[in-house]
Ligand code: CMC
């Protein structure tokens, strides 16, 4: 932290009861949210490390991008409530704010949209790179590989010390991600890749690349395009979650942006993180009917059963995830547009939510539906296969990852990320020659 975040009066004192040594640490104040103890001098002053697996109480950086109050169910990007951004903004406008700090004015927005649109095509050689993958690969495996390989195709923008290079790489990632994600789908389907169309909006273009074929005209429904755009807004950034922290940690060594985003994609894939949207749908299929819900609620509560209600619970939100509320409404909009008035999975999801929210186990632990609970039902209704769900999350989150990466590289306090540990292995001992070992 820079000195201006520190209040000269506020400190916390740590007294080591064994040695009697006491050290005062500055308390830093953010613009909103809890104070943060600056313990950087702890090891030097007390010869002590902190132990905080899962970073339950550890701030790993300072950031001006996203603020979450998990108890109140608040999510702000650059100070703007997610509900306002989702209702009144669009994805590229929100992306601009996340990347640059302020919502764009009319001219800035027009230029940003034009610049992103102009970068949407990928190097033609990437077309052939795809062909090295098995067609039955998981799209996240392909996405991870292709995005990592972009450093080989765009090595003219990987000087991380050059702000212009950083911005070009950021634009390229935001612009090309829809193309790469849509192509992972086309590749799995054995259909020809569909090239981006610069007269379409960002979400509209993505749906076009997913569902058009060379054989016939494909008209993107404005309601579905708007819904997709809103889903992208809802996933655009989420503070220092696992994948974002992975991007930051990878980037802290000076790794190139494409490698860092590939690392973020790999982290996102896990079922406790972005893989949950896929897992929610698998779970709803497994439950199958409303009368089996109690059986699954009981499994989720059983400590001897590893089963968890997917799409429920969050490390930070101990209240309704504000994104889940908007997602639920979007789900109804999409199903109405598609004329699906009796989607059994939606009925099942709503009943599961109703029962879980009144069950003391979930109430006491403050386990509410999260962003992934309804997104899968929307994607499925749009015709997007389950295996693609997490790739869509990655597409939306790319702007958050790259903005956090840029922010980290311009932070004067930036250092290579290097946590310490509590060593519990063997103490020093003598090497025993092989022939003398039992
Ligand atoms: N079903 C049943 N019990 C749960 C669940 C759940 N989904 N989530 C948490 N619990 C219980 C857990 O067993 C523990 O109980 P106890 O105190 O009796 O031991 C308590 O609630 C606290 O759980 P925790 O694992 O300590 O909480 P965490 O903050 O480490 O985990 C989480 C957060 C999201 C990994 C977890 O809630 C979970 O696995 N949820 C299901 C997966 C999911 O939906 N993930 C998407 C997260 S939102 C999108 C994203 O970030 O990518």
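The values are calculated or read from the model by the stated rules, or taken from the named source; none is laboratory data. Model, not experiment: these values are computed from the prediction. Glycine also receives a Cβ, built like all others from the backbone with ideal geometry; neighbour counts cover every protein chain displayed.
Here are a few things to note about the model shown:
- Where residue 218 falls short, out of the listed (1) farther than 20 Å from residue 118 by Cα; (2) touching a residue at least 60 places away in the same chain (Cβ under 8 Å); (3) in contact with a helix residue (DSSP H, G or I) (Cβ under 7 Å, 6 or more places away or on another chain): (2)
- Condition check for residue 137: under 24 Å from the mean Cα position of the chain (by Cα), part of a loop (DSSP other than H, G, I, E, B) and farther than 30 Å from residue 77 by Cα: yes
- Condition check for residue 208: buried (at least 21 other Cβ atoms within 10 Å of the Cβ), under 26 Å from residue 66 (Cα atoms) and modelled with pLDDT of 95 or more: no
- Within the stretch 235-251, if we keep just the residues that are assigned to a helix (DSSP H, G or I) and crowded, with 24+ Cβ neighbours inside 10 Å, the residue that is nearest to the ligand (Cβ to nearest atom) turns out to be 243.
- Residues of the stretch 145-164 satisfying the condition of being assigned to a helix (DSSP H, G or I) and surrounded by fewer than 23 Cβ atoms within 10 Å (Cβ to Cβ): 145, 148, 149, 151, 152, 153, 155, 156, 157, 163, 164
- Against the numbered list (1) part of a helix (DSSP H, G or I); (2) more than 16 Å from the chain's Cα centre (by Cα); (3) surrounded by fewer than 22 Cβ atoms within 10 Å (Cβ to Cβ); (4) touching a residue at least 60 places away in the same chain (Cβ under 8 Å), residue 286 comes up short only at (4).
- Qualifying residue in the stretch 28-44 (condition: at pLDDT 95 or above, under 19 Å from residue 415 (Cα atoms), in contact with a strand residue (DSSP E or B) (Cβ under 9 Å, 6 or more places away or on another chain) and part of a helix (DSSP H, G or I)): yes
- Test for residue 94: is it at pLDDT 95 or above and within 30 Å of residue 33 (Cα to Cα): yes
- Any hit, the stretch 165-185, residues being surrounded by fewer than 15 Cβ atoms within 10 Å (Cβ to Cβ), part of a helix (DSSP H, G or I) and free of Cβ contacts under 8 Å to residues at least 40 places away in the same chain: no
- Just one of the numbered conditions (1) over 30 Å from residue 404 (Cα atoms); (2) within 15 Å of the ligand (Cβ to nearest atom); (3) buried (at least 23 other Cβ atoms within 10 Å of the Cβ) is not true of residue 278: (1).
- Per-region count, the stretch 257-275, residues over 10 Å from residue 246 (Cβ atoms), surrounded by fewer than 22 Cβ atoms within 10 Å (Cβ to Cβ) and more than 12 Å from the ligand (Cβ to nearest atom): 1
- Of the helices (runs of 4 or more DSSP H) lying entirely inside the stretch 295-398, those containing at least 3 residues that are more than 11 Å from the ligand (Cβ to nearest atom) and either surrounded by fewer than 23 Cβ atoms within 10 Å (Cβ to Cβ) or touching a residue at least 12 places away in the same chain (Cβ under 8 Å) (or both) span 322-337, 344-358, 372-381.
- Here the condition is being closer than 30 Å to residue 424 by Cα and either under 28 Å from the mean Cα position of the chain (by Cα) or not assigned by the TED database to the domain that holds residue 203 (or both); of 100, 62, 21, 35, it holds for 21 alone.
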